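Notes for the one structure printed next.
The values are calculated or read from the model by the stated rules, or taken from the named source; none is laboratory data. These figures come from a predicted structure and were not determined experimentally. Cβ placement follows ideal geometry from the backbone for every residue including glycine, while neighbour counts extend to all protein chains displayed. Note: areas computed on protein heavy atoms with side chains; ligands, DNA, RNA excluded. Shrake-Rupley method; radii C 1.70, N 1.55, O 1.52, S 1.80 Å.
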Amino acid sequence: MRHCGKGIKEGVELHIDHIKPKDLGGKAEIENGQTLCAQHNFHKKTLKQTETGKKMFIRLYELAKKEGNNEIVEFCTNVLEVYEKMNINGHIEWKR
Ligand SMILES: [Zn+2]
């Protein structure tokens with residue numbers, strides 16, 4: 001077990017997780033597998049989804065800026081500021 005080390009003994013549900021996600025070409029092999037507790041597995045999947053979201057909002061922001069669509073620029077700015085404030089997917093840089 002990785003991450004928190006909790007297991008069945010602690011009454012925690014364990015999930016088999018692809019270290020390299022399937023949708024990124026990760027294979028269903030022992031080498032690419034790990035067990036995660038339900039909470040960390042959910043957390044990992046959520047961060048993957050928010051990551052996709054952040055990238056999408058950054059692209060939308062840049063497009064709206066180019067087109068001078070201030071309403072969409074403002075909307076994306078508000079969304080991305082929440083990402084920044086909560087340090088969600090901080091590894092993805094947003095250039096204002
Ligand atoms: Zn865990």
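As for the stretch 27-38, it holds no residue that is in contact with a Gly (Cβ under 7 Å, 6 or more places away or on another chain) and not in a helix (DSSP H, G or I). Taking Glu62, is it of a type in the set (Asp, Glu), more than 16 Å from the ligand (Cβ to nearest atom), part of a helix (DSSP H, G or I) and open to solvent by 60 Å² or more (accessible area, probe 1.4 Å)? Yes, satisfied. Within the stretch 28-58, the set of residues being of a type in the set (Gly, Ala, Ser) and more than 16 Å from the ligand (Cβ to nearest atom) comprises Ala28, Gly53.
Here Cys76 meets each of (1) in a helix (DSSP H, G or I); (2) in contact (Cβ under 8 Å) with a residue 40 or more places away in the chain with one exception, condition (2).
Of all residues assigned to the stretch 18-27, none qualifies as being open to solvent by 30 Å² or more (accessible area, probe 1.4 Å), within 16 Å of the ligand (Cβ to nearest atom), without any contact (Cβ under 8 Å) to a residue 12 or more places away in the chain and of a type in the set (Asp, Glu).
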